[in-house]
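Written out below as C-alpha cells is the structure these notes cover.
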Amino acid sequence: MTDLLICDGDIVTMNAQRQVVTAATIAVSGSTIAAIGRAAELRAAYPDAGELDARDCVVIPGMINAHQHTTADPLMRSMIPDDIGSDESIFGWVLPLHAVLDGDDDELAATLTAVESLSRGVTTVLEAGTVGHPLRVAAGLRKAGIRARVGRWGWDVADQPFAAPTAQTLAAQEEAITALASDGPVTGWISLVGHDLASDELFAGAAELAARLDVGLTLHMSPSEADSKSYAARSGLRPLEHLRRLGVLGPRLVLGHAVWLDDGELDAVLDSGTAIASCPAAYLRLGQGYARAGRHGEFRRRGGRLALGADSHNAGDSPDVLHAAYLLAALENDRGSENAIRADQAFGLATIDGANAVGMGALVGSIEVGKAADLAVLEASSLGWMPRGDLALQLIWGRASGSVRDVVVNGSLVLRDRRSTTVDVDALRSELVERSGAALRRAGIEVGHRWPAVPVAGFSKLAGR
Ligand SMILES: [Zn+2]
C-alpha cells in the first residue's frame, strides 16, 4: 500500500472540538491517517506518496451504517409493494427468496450493497443479521473494499430458511466468527434476527457468546407496535424489559430499531449502555409509526448510544446514511421539543457518535491522526454548494451524499472520480440482472408493476390519426 496525500481540502474532522481545518492536506500512510497539515510540508515528508487533489472539496469521515441487510433484498430492490403488511412482505417475499439463494447470489448482493454504500460516502457497514453464507458475503464486502461486521443468520424457530435448534444456531454463529479473520476491515459479529423469533436460551446464549468471543451482537427489536405486542404475548413482558432480565442488554448490543419503547424500556436501554441503530427511512416507508412513538431524539439527548442505519433495499431502499440523518433530524425537529436534533448533531450520528455506538469509535468515525484512514471527498463546487454556508447545515439539509467523488477505506482509494476502483461495475450490472431474474423464478415470485409496460409496436400512433 503506497502513501497518499489528499491535498488542500476543507476537512470536517469530527474530533472532540469539532474543528474544520481549511485548505489542509491529509497524509495517509498504510491504513492510517499519519498527519494533517500543509501540502508543501507533507510532500516533503512523504516524497513517494500519490496525490489526490481536494481543492474545492469538503473531506468528511467515512460514515457508519449500523443496520444494513446485504443479501436477498439487493436482488429484489423496489419489488416488494409498499401497500402490504410486514407478514406478507416477510413470508411472501423475503423468506422465499432467501430460501433459494446460493453463495454466489449472496456474494453478488453484498458486493452491490458495498459499492453502492461507498458511492454514498459510507465506509463501515454493520450487517443486520440475514446472511446465509457469511464467508461469501464477507468476500463480496472485502472485494468492494468496505469495512464491515458480518454474522451468520440465526434463529431457532421451526421450518424457515436457516433456522436450527438453539445450540446449533449458536454453534453456527461461533463457527462463522472464527472462520472470518479477526483483523482486517471485515470481521465477525453475532447477528440474530431478533423480534419474537428466538427462544430465551438463544437470546441469553448469544449475549454470553458475544462476551466470550469479545465481539458485538445485533438483533431486531420493536420497529412496530405489533412487534412489541407479539413479543409480550410470548414472554409476558415488554421486549426490552424481558431482555434486561435475561441479561442480554449491555454495551455489546446494537438494537436494530427499538422504536416502540415505554418509559421503563427506554430507561433499561439507557442504563445498560445498549446502542440503538435508527433507520428512519424504513419506518416511514413501512408506516411503522415513528412520528407517533419514536424516542430516538430523547434517547440521544439523555446520553444514549445512537447510530443510524438504512435497513434493506425495500425498507430504506438506498444505503444512504446522510439521508437517514436528514430524516431522523427532520422527524425530531418537527415535534418542536427539547429532543430536536440539529444538523451538527445529526452529522455526529452519521460519523463519530455512530462509530462509538457500535464500539468502533477508537478506530473510525473522525479524521484524526492515528485513526484508520476511512474518509470521503465531496466535490463542493456545484451550484448546490453555492454560496458556501454553515458546513453542518449544508451536509445534512443540503443532501450532500450526491457529491461524493472519492472514498478511502483503510488507506485504500476504493472510489475515484465516482468510479469504483475495486469492482467492474458493468459486469456487476449484468450479473445482477441475470441472477436476480433467475432467483425470483426459482422462488416462484412474480413481480407486479403499477404501470403497464407496453411494446412500442402496438403503441405507435401518428398525431391526429
Ligand atoms: Zn433489518
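The criterion of at least 2 residues that are within 16 Å of the ligand (Cβ to nearest atom) and within 24 Å of residue 156 (Cβ to Cβ) is met, among helices (runs of 4 or more DSSP H) falling completely within segment 188-299, by 225-235. Of the residues 358, 414, 425, the single one that is surrounded by fewer than 19 Cβ atoms within 10 Å (Cβ to Cβ), over 13 Å from residue 61 (Cβ atoms) and either among the hydrophobic types (A, V, I, L, M, F, W, C) or modelled with pLDDT of 95 or more (or both) is 425. If the condition is being among the aliphatic types (A, V, I, L, M), over 17 Å from residue 401 (Cα atoms) and in contact with a helix residue (DSSP H, G or I) (Cβ under 9 Å, 6 or more places away or on another chain), then segment 347-359 contributes only 357. In the condition set (1) modelled with pLDDT of 95 or more; (2) of a type outside the set (Lys, Arg); (3) surrounded by fewer than 17 Cβ atoms within 10 Å (Cβ to Cβ), residue 123 is compliant with all but (3). Cβ-Cβ contacts under 8 Å between residues 6 or more apart (or on different chains), taken from a first residue in segment 305-320 that is within 21 Å of residue 397 (Cα to Cα) to a second residue that is basic (Lys, Arg) and more than 12 Å from the ligand (Cβ to nearest atom), are listed as 306/300; 316/285; 317/77; 317/285; 318/120; 319/120; 320/120. Quick one: residue 44 ticks every box in (1) over 25 Å from residue 352 (Cα atoms); (2) in a loop (DSSP other than H, G, I, E, B) except a single one, so which number is it? The single condition residue 44 does not satisfy is (2). The set of residues in segment 115-155 being in a strand (DSSP E or B), of a type outside the set (A, V, I, L, M) and within 16 Å of the ligand (Cβ to nearest atom) consists of 127, 149, 154, 155.
Restricting attention to segment 300-311, report how many residues are within 16 Å of the ligand (Cβ to nearest atom), assigned to a strand (DSSP E or B) and among the aliphatic types (A, V, I, L, M).
Final tally of qualifying residues: 2.
The residues of segment 408-446 that are more than 30 Å from residue 53 (Cα to Cα), in a loop (DSSP other than H, G, I, E, B) and free of Cβ contacts under 8 Å to residues at least 40 places away in the same chain amount to a single one, 446. When residue 329 is tested against (1) at pLDDT 95 or above; (2) part of a loop (DSSP other than H, G, I, E, B); (3) over 24 Å from residue 216 (Cα atoms), only condition (2) is not met.
The values are calculated or read from the model by the stated rules, or taken from the named source; none is laboratory data. Only a predicted model underlies this, so the values are computations on that prediction, with no experimental measurement involved. A quick note on method: Cβ atoms are made from the backbone with ideal geometry, for glycine too, and the neighbour counts reach across all protein chains shown.
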